[in-house]
Amino acid sequence: MYNLSQDQVSQYNEDGFIAPINVLSENEAGEVREEIERIEKDWPDELSGLGRNYVHLISPVFDKIPHNSKILDAVESIIGKDILVCGTTLFIKNPDKKGFVSFHQDAKYIGLEPYNWVTGWLAVTDANEENGCMRMWKGSHKEDLQFHNQKFNENNLLTRGQTVENVPIEKTSPVILKAGQLSLHHPKIIHGSGLNRSKERRIGFAIQSYIGCNVDQVLGKMYVQLARGKDTFNYHQHVKRPSGLMNNIDVASRKKANEELSKIFYSGSKKIGKF
Ligand SMILES: O=C(O)CCC(=O)C(=O)O
């Protein structure tokens, strides 16, 4: 059992995140990277734009991640034993690009209520200050949701370029992870990440998010899988786990899931971004 200790749960409640949690070996993380690069090579458009979402529905290698029992043990310590996976997203920063993630709170536009949910971020490559690891503003999850400026800026990896302005960088903590390690963060914590100044890709596999089965989607429709326990509320559409890499049926259901997700992301917005 890899449940969090009492101290770790207290730390999560106090800071709004917990890291590092050892999940995959370096080799296993390397296999995930290979799978990403195989898909990029053989199906060049598949993981770009909106296609960076719900990737666990098209590849058994990706599918294994949100169902990993070490992650689920830790998640159970935070949201309880009935756990649904309602999304995955690849956050890739290539060294020759200027990608960044503005400071934001996940709960602002995602429509998941109540906040009995947690986001996992698995480092597929090392993540450090040089290559633009996430930075968390400890304790900011204890405040209400903040105003977000919707900037739709070119290199921002967020859907609307949603930004909490004037975050004091010196009060934020870098989440430094080795490939295969995970962080877990709270729906309301203010976090973001800067440029990749290294010569290698920085790849994060976000499980956004693990929700308790009591969590509803108030803005649209979500495709979920039962990861542990029971879904006693049955609020969401359940979707099958993939039977192979890029099988037609799986690709079609992921397409539907992404169309619905896009409606949620841009609910109430006049403009649509590229993800
Ligand atoms: O990958 C990043 O740098 C940011 C990801 C993020 O904001 C998230 O997973 O909530």
Sole residue being touching a helix residue (DSSP H, G or I) at 6+ places or on another chain (Cβ under 7 Å) and either in a helix (DSSP H, G or I) or surrounded by 21 or more Cβ atoms within 10 Å (Cβ to Cβ) (or both), chosen from LEU261, LEU219, LEU182: LEU182
Tally the residues that are under 16 Å from the mean Cα position of the chain (by Cα), of a type in the set (S, T, N, Q) and within 30 Å of SER10 (Cα to Cα), restricting the search to segment 47-83. 1
Out of segment 189-200, which residues are away from the ligand (no atom under 12 Å from the Cβ) and either within 10 Å of VAL118 (Cα to Cα) or not small (Gly, Ala, Ser) (or both)? ARG197, LYS199, GLU200
Unique residue being within 25 Å of LEU182 (Cα to Cα), polar (S, T, N, Q) and touching a residue at least 40 places away in the same chain (Cβ under 8 Å) when the list is SER262, SER198, SER269, SER253: SER198
Flag for LEU158 being part of a strand (DSSP E or B) and either at pLDDT 95 or above or surrounded by 16 or more Cβ atoms within 10 Å (Cβ to Cβ) (or both): no
Of the listed residues (HIS238, HIS186), the one being under 28 Å from VAL61 (Cα atoms) and more than 15 Å from the ligand (Cβ to nearest atom) is HIS238
Test for VAL118: is it touching a Pro at 6+ places or on another chain (Cβ under 8 Å), among the hydrophobic types (A, V, I, L, M, F, W, C) and within 11 Å of the ligand (Cβ to nearest atom): yes
If I go through segment 1-25 residue by residue, how many of them are assigned to a helix (DSSP H, G or I) and not polar (S, T, N, Q)? 5
Anything in segment 229-269 that is of a type outside the set (S, T, N, Q), closer than 17 Å to LEU158 by Cβ and more than 20 Å from the chain's Cα centre (by Cα)? List them, or say none. GLY268
Just checking: which of the strands (runs of 3 or more DSSP E) contained wholly in segment 26-135 hold 2 or more residues that are aliphatic (A, V, I, L, M) and closer than 25 Å to LYS263 by Cβ? 83-85, 88-93
Checking the structure you have, find out if any residue of segment 193-206 is surrounded by fewer than 17 Cβ atoms within 10 Å (Cβ to Cβ), more than 22 Å from LYS274 (Cβ to Cβ), out of contact with any Gly (no Cβ under 9 Å at 6 or more places or on another chain) and not polar (S, T, N, Q). yes
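The values are calculated or read from the model by the stated rules, or taken from the named source; none is laboratory data. Keep in mind the model is a prediction, meaning the values are calculated, not measured. Every residue, glycine among them, receives a Cβ derived from its backbone with ideal geometry; neighbour counts consider all protein chains shown.
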